[in-house]
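This report concerns only the one structure given below.
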Amino acid sequence: MIDLRSDTQTKPSAEMRSAMANAEVGDEQKREDPTVNELERRTAELLGQEEAVYVPTATMANEIALRTLGRPGDEVVAEENSHIFLAELGGPAVHAGLMARPLRCEAGRFTPEQLRETVRVTDRSHVPPTRIVSVENTHNSSGGRVWPLDEIEAIAATARELDLRLHLDGARVLNASVACGVSAAEIGGHFDTVTLCLSKGLGCPLGALVAGSAELMAEARRLKHLFGGAMRQAGIVAAAGVYALEHNVERLADDHARARRLAEGLDAAGVPVDLEQVETNFVQVDVGPLGLTPSDALERLWQQGVGLSMTAHPTRLRAVTHLDVDDDDIDGAVELIPRALRTLARA
Ligand SMILES: Cc1ncc(COP(=O)(O)O)c(C=O)c1O
């Protein structure tokens, strides 16, 4: 099976497992786990923030971040298909009591003008205050699209002017950093809180971090415990994160190159792919013009030995490259995907 469903499908390598097996550990809740402490230190530096807090998942990192930034009744503004609105079970409402202000926009990116038009200024008696702006980079549901640094700077400047707090769902911010040749600190430094996921392109079995100022991270640590995310000898898994930061960041460029090669191969074989959209490790395939439903197409692809997955779009599927996909897999996918989709189109 050529598994292109998600970059979450990676399995830890032998070297990563060896780093895990040999990790120094201690009681993480008491901040006595040297490996967790080291991972938090490195990540804070990497993301241009003072501190970082290790948590089991990027969902938890996002939810903790939003809760540190807002109070019940506040509004959070984000793109309408952002992960925090689409895929966290209404967590911002449940965990932080936040109202969602979804924005419709191209490629997951909204403009300073859109933000200005959206922000509500509270009258302290009726109007819920707009408090948080959340940016997702790379943007999952639009196909791993990247926010250029100048657009981030413009949003951050507008948010500051409007007295808004800024969260970066940077689950894949290292893909963005590698794709545009800008350090993760230059991107992350503009935000109050930043989420980084370790279990996607970085290839760890689990783990994520939320980063921010020492003051915000003190609250994040309290919330981590409250959410049931404070662990014990977590260095065993944090060691995978330390290993990934050392070995698996620059190589994200390989995933991006393979996604481009896949997209170009599919395009040449007549599969509807928007080449413009391929900026990182996602390729979106539109099965609508082929007269297929996404679930039929997925089934046929699976039978041919290729795993793709659904997107928020009604007719687009996605293929995602990652650590466990090599050049031969791309060659195989370029051959099998057109075969599977054309067979279906003729059926
Ligand atoms: C942009 C983004 N943020 C957060 C998450 C949440 O990650 P997890 O499912 O590991 O909690 C995902 C997962 O796909 C994501 O794509």
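Nothing in this text is a laboratory measurement; each read-out follows from the coordinates by a stated rule. Please read these numbers as outputs of a predicted model, since none were measured by experiment. Here the Cβ positions follow ideal geometry from the backbone for every residue, glycine too, while neighbour counts run over all protein chains shown.
Here are some notes:
- Volume of the convex hull of the chain (Cα atoms only), normalised per residue: 129 Å³.
- Straight Cα distances below 25 angstrom link residue 200 to the lysines 11, 224, with same-chain residues fewer than 8 positions distant left out.
- Net length available on complete extension from residue 21 to residue 335 is 109.1 nm, with 0.36 nm assigned per residue and the Cα-Cα distance removed.
- Derived scalar couplings between HN and Hα for the stretch 285-300 equal 10, 8, 8, x, x, 8, x, 10, 8, x, 6, 5, 4, 4, 4, 5 Hz in order, rounded to whole Hz, by the Karplus curve 6.51 cos²θ - 1.76 cosθ + 1.60 (θ = phi - 60°), x for Gly and Pro.
- Extension gain for residue 42 to residue 107 (0.36 nm times residue separation, less C-alpha to C-alpha distance): 20.4 nm.
- Extension gain, residue 117 to residue 251: 0.36 nm times the residue separation minus the Cα-Cα distance gives 44.2 nm.
- In degrees, nearest ten, helix 252-268 long axis to first principal axis of the chain (Cα): 40
- At R0 = 56 Å, FRET efficiency that the Cβ-Cβ distance of residue 268 and residue 30 yields, to 0.05: 0.45
- Among 307, 241, 143, residue whose mean-square fluctuation peaks in a GNM of the chain (springs only between Cα atoms under 10 Å): 307
- Over the chain, dividing the summed -39,500 (n - 2.57) contributions of all DSSP H runs of at least 4 residues by the number of residues returns a 222 nm mean residue ellipticity of -13000 deg cm²/dmol.
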